[in-house]
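Enquirer: Before we start, here is the structure in question, set down as C-alpha cells.
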Amino acid sequence: MQKRTSLAVLLMLPLWAQAELKALDDESLASVTGAGFGLVIEDFLYDGTNATITINDITNSTGQNVPISVKELYVGATGSNKGSNLNPVDIGRLSYPWTLDLVKGENLKTFRDDGQLVQTLPTNLSVLSFAAPSKIFGAGGQACVSGFAAAGNNCSMRSTEKVDAGVRFDFNVTGSRTDVINMDFTELTMDGSYLRLWGDTARQQLVGEARINLYAKTLEILSCATGTSGCTSAQEQAARTIYFTNTYAQYALGYGKSQPLLFDVTSNGQFVLELPNPVAGISNSTTRNQVAADFYANAPRTNILIDNLNFGGTRASATAVPTGGYNFGRNEISGLSFNYLKVSSHDL
C-alpha cells in the first residue's frame, strides 16, 4: 500500500482571540464569524490495490456474519488505466479549495440549475459546512466532463485536478458464494458538493442538507473477480461489465428552510434518513401556499444523465464509447424533487 501526499492548509480566524474557554448557547454561536478552513492536497496518490479491508459484524437473519472485503482501492491522476499506472494528482487549488466552515445559515447560498444563487437555510442558525470546490457561473469555468458540453462548463477543477478512482467489494453471501462489484471511474470530480449540519431545537435532533455532485468521463462496473473462473478473458470480463460514458449525477437531499434532511437512529440500532413533507403541520392555507411556492421555486433538484449506457461490449480506448453488447443510448432524469422520502437500514 502506498500513500503520498503534501498538504497545504489555509486557516483564517476572527480578529479577536480569548484565552479563557466559555460555553456558548445557540444564540451566541450564531454570531461566530470565523472564515473557516480551506484544504488543498498536492501530489496525492493512494494505492491500495494489493491491500484488503474487511468489514465484519454485519449479520443475516440467522445471525451469521456476512463479511465485506474492500479491495483494489486507488485514487490518482487521470490516465491510470484502472489503477495500473498511478501518478499523483492535485486535489483542489488555493483559489478553489475544499472548505470546512462554521457560519450563519443566511450566509450560505446555493446555485440553482439556472445559475442563480438562492438562500436555502433559515436565518440565525449556526451551521457546520463541509464543501467541495465551488461551481463557477460565468468566465473562468472549466468543463465538468471533458468533451461533453451537456455537463456544463461551470466546474472550478481543471482537467489536471480530476482523479481516476476505483474500488472492489466482495460480499461473502454464503460459505460457497461471493458476489463482486468492481467500479472504476475516470476523470472524476465533485465540484459544488456540500454537507451542511445543524441542530433542530423543535425536533431535538441533528438535521442538514446535502448536495452530492459526481462528474465522470467514464464509469465501469464489473460483476466478477478478474482472473477467476468465467472472468479471465477480455471477452468474459466485457460480457459482465456495465459501461457509463459522459456521466453526471447531482443528488439534492434537503432544503433547510422547509425540508431539512433528518438523521435518526432507532432503538434497535437502525439508521434512518428522512425528507419530511415541506408543508406538513402548516394549517394556515396562505402560509402553506407560500412555503410550497418557495420550495418548488428554489429547492435544489436531482439530475442524473448518462450520455451512453452499454451492457457488454468493449472500449477501443479508456474513454471511448463501447462497441458491441447492448447499447441503451442516452438516459436522463431531470428536475427530480421529493415531497416525502424515508430510508431506513434493516438487518439482512
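The values are calculated or read from the model by the stated rules, or taken from the named source; none is laboratory data. Please read all numbers here as calculations on a predicted model, not as lab measurements. Backbone-built Cβ (ideal geometry, glycine too); neighbour counts: all protein chains shown. What goes into the accessible areas is simple: the full protein's heavy atoms, side chains included, and nothing from ligands, DNA or RNA. Shrake-Rupley method; radii C 1.70, N 1.55, O 1.52, S 1.80 Å.
Enquirer: Just to check your reading of the model, which residue among 77, 51 is surrounded by 12 or more Cβ atoms within 10 Å (Cβ to Cβ), at pLDDT 90 or above and over 30 Å from residue 177 (Cα atoms)?
Expert: On the way: 51 fails: over 30 Å from residue 177 (Cα atoms).
So the residue among 77, 51 that is surrounded by 12 or more Cβ atoms within 10 Å (Cβ to Cβ), at pLDDT 90 or above and over 30 Å from residue 177 (Cα atoms) is 77.
Enquirer: Quick one: is residue 296 of a type in the set (Ser, Thr, Tyr), open to solvent by 50 Å² or more (accessible area, probe 1.4 Å), modelled with pLDDT of 90 or more and at negative phi? Steps first, please.
Expert: Working: of a type in the set (Ser, Thr, Tyr): yes; open to solvent by 50 Å² or more (accessible area, probe 1.4 Å): yes; modelled with pLDDT of 90 or more: yes; at negative phi: yes.
Taking the combined requirement at face value, the residue satisfies it.
Enquirer: Might you check whether a residue that is at pLDDT 75 or above and either among the hydroxyl-bearing types (Ser, Thr, Tyr) or not in a loop (DSSP other than H, G, I, E, B) (or both) occurs anywhere in segment 27-34?
Expert: no
Enquirer: In contact with a Cys (Cβ under 9 Å, 6 or more places away or on another chain) and not aliphatic (A, V, I, L, M): is that true of residue 236 in this structure?
Expert: On the way: in contact with a Cys (Cβ under 9 Å, 6 or more places away or on another chain): yes; not aliphatic (A, V, I, L, M): yes.
So residue 236 passes the test.
Enquirer: Next question. Can you tell me which residue among 281, 269 is open to solvent by 80 Å² or more (accessible area, probe 1.4 Å) and assigned to a loop (DSSP other than H, G, I, E, B)? Working first, answer last.
Expert: Values: 269 fails: open to solvent by 80 Å² or more (accessible area, probe 1.4 Å).
After ruling out the rest, the residue left standing is 281.
Enquirer: Does residue 275 satisfy the criteria of being within 22 Å of residue 200 (Cα to Cα), in contact with a Leu (Cβ under 6 Å, 6 or more places away or on another chain) and either open to solvent by 20 Å² or more (accessible area, probe 1.4 Å) or not small (Gly, Ala, Ser) (or both)? I'd like the intermediate steps shown before the answer.
Expert: On the way: within 22 Å of residue 200 (Cα to Cα): yes; in contact with a Leu (Cβ under 6 Å, 6 or more places away or on another chain): yes; either open to solvent by 20 Å² or more (accessible area, probe 1.4 Å) or not small (Gly, Ala, Ser) (or both): yes.
So residue 275 fits the description; yes.
Enquirer: Something else: Within segment 203-210, is even one residue at pLDDT 95 or above, in contact with a strand residue (DSSP E or B) (Cβ under 8 Å, 6 or more places away or on another chain) and open to solvent by 50 Å² or more (accessible area, probe 1.4 Å)?
Expert: Checking segment 203-210: not a single residue is at pLDDT 95 or above, in contact with a strand residue (DSSP E or B) (Cβ under 8 Å, 6 or more places away or on another chain) and open to solvent by 50 Å² or more (accessible area, probe 1.4 Å).
Enquirer: Can you tell me which residue among 66, 70, 75 is in contact (Cβ under 8 Å) with a residue 60 or more places away in the chain and out of contact with any Ser or Thr (no Cβ under 9 Å at 6 or more places or on another chain)?
Expert: Values: 66 fails: out of contact with any Ser or Thr (no Cβ under 9 Å at 6 or more places or on another chain); 70 fails: out of contact with any Ser or Thr (no Cβ under 9 Å at 6 or more places or on another chain).
After ruling out the rest, the residue left standing is 75.
Enquirer: For segment 287-309, does any single residue satisfy the condition of being of a type in the set (D, E, K, R), under 25 Å from residue 198 (Cα atoms) and part of a loop (DSSP other than H, G, I, E, B)? Write out each step before concluding.
Expert: Start the filter on segment 287-309 by keeping residues that are of a type in the set (D, E, K, R), which leaves 288, 294, 301, 307.
Subset that is under 25 Å from residue 198 (Cα atoms): 288, 294, 301.
Narrowing the set further to residues that are part of a loop (DSSP other than H, G, I, E, B) leaves 301.
For segment 287-309, residues of a type in the set (D, E, K, R), under 25 Å from residue 198 (Cα atoms) and part of a loop (DSSP other than H, G, I, E, B): present.
Yes or no, residue by residue, for (1) free of Cβ contacts under 8 Å to residues at least 60 places away in the same chain; (2) within 15 Å of residue 245 (Cα to Cα); (3) of a type in the set (Asp, Glu):
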position	(1), (2), (3)
167	no, no, no
171	no, no, no
186	no, yes, no
190	yes, no, no
193	no, no, no
198	no, no, no
202	yes, no, no
205	yes, no, no
217	no, yes, no
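Enquirer: Which residues, counting only those in segment 318-330, are part of a strand (DSSP E or B) and open to solvent by 60 Å² or more (accessible area, probe 1.4 Å)?
Expert: First, the residues of segment 318-330 that are part of a strand (DSSP E or B): 323, 326-330.
Answer for segment 318-330, where residues must be part of a strand (DSSP E or B) and open to solvent by 60 Å² or more (accessible area, probe 1.4 Å): 323, 326, 327, 328, 330.
Enquirer: Something else about it: Provide a single number: the residues in segment 233-266 that are surrounded by 13 or more Cβ atoms within 10 Å (Cβ to Cβ) and in a loop (DSSP other than H, G, I, E, B).
Expert: Total meeting the criteria: 6.
Enquirer: Can you confirm whether residue 195 is under 24 Å from residue 95 (Cβ atoms) and either part of a strand (DSSP E or B) or touching a helix residue (DSSP H, G or I) at 6+ places or on another chain (Cβ under 7 Å) (or both)?
Expert: Working: under 24 Å from residue 95 (Cβ atoms): yes; either part of a strand (DSSP E or B) or touching a helix residue (DSSP H, G or I) at 6+ places or on another chain (Cβ under 7 Å) (or both): yes.
Criteria met by residue 195.
Enquirer: Can you tell me which residue within segment 88-138, out of those that are among the small types (Gly, Ala, Ser) and not in a strand (DSSP E or B), is surrounded by the fewest Cβ atoms within 10 Å (Cβ to Cβ)? Write out each step before concluding.
Expert: Step one: list which residues in segment 88-138 are among the small types (Gly, Ala, Ser), which gives 92, 95, 105, 115, 126, 129, 131-132, 134, 138.
Adding the requirement that they be not in a strand (DSSP E or B) leaves 92, 95, 105, 115, 132, 134, 138.
Numbers: 92: 22, 95: 11, 105: 20, 115: 12, 132: 24, 134: 18, 138: 7.
So the residue we want is 138.
Enquirer: Related question: Out of curiosity, is residue 342 among the charged types (D, E, K, R), open to solvent by 50 Å² or more (accessible area, probe 1.4 Å) and outside any loop (DSSP other than H, G, I, E, B)?
Expert: On the way: among the charged types (D, E, K, R): yes; open to solvent by 50 Å² or more (accessible area, probe 1.4 Å): yes; outside any loop (DSSP other than H, G, I, E, B): yes.
Yes; evaluated as a whole, the condition is true for this residue.
Enquirer: Among the residues of segment 299-312, write down those that are touching a Leu at 6+ places or on another chain (Cβ under 7 Å) and surrounded by fewer than 17 Cβ atoms within 10 Å (Cβ to Cβ).
Expert: Once the filter is applied, which keeps residues that are touching a Leu at 6+ places or on another chain (Cβ under 7 Å) and surrounded by fewer than 17 Cβ atoms within 10 Å (Cβ to Cβ), segment 299-312 yields only 301.
Enquirer: Let me ask something else. Check residue 347 against each of (1) touching a helix residue (DSSP H, G or I) at 6+ places or on another chain (Cβ under 9 Å); (2) modelled with pLDDT under 95 and name the one condition it does not meet.
Expert: Answer for residue 347: the failing condition is (1).
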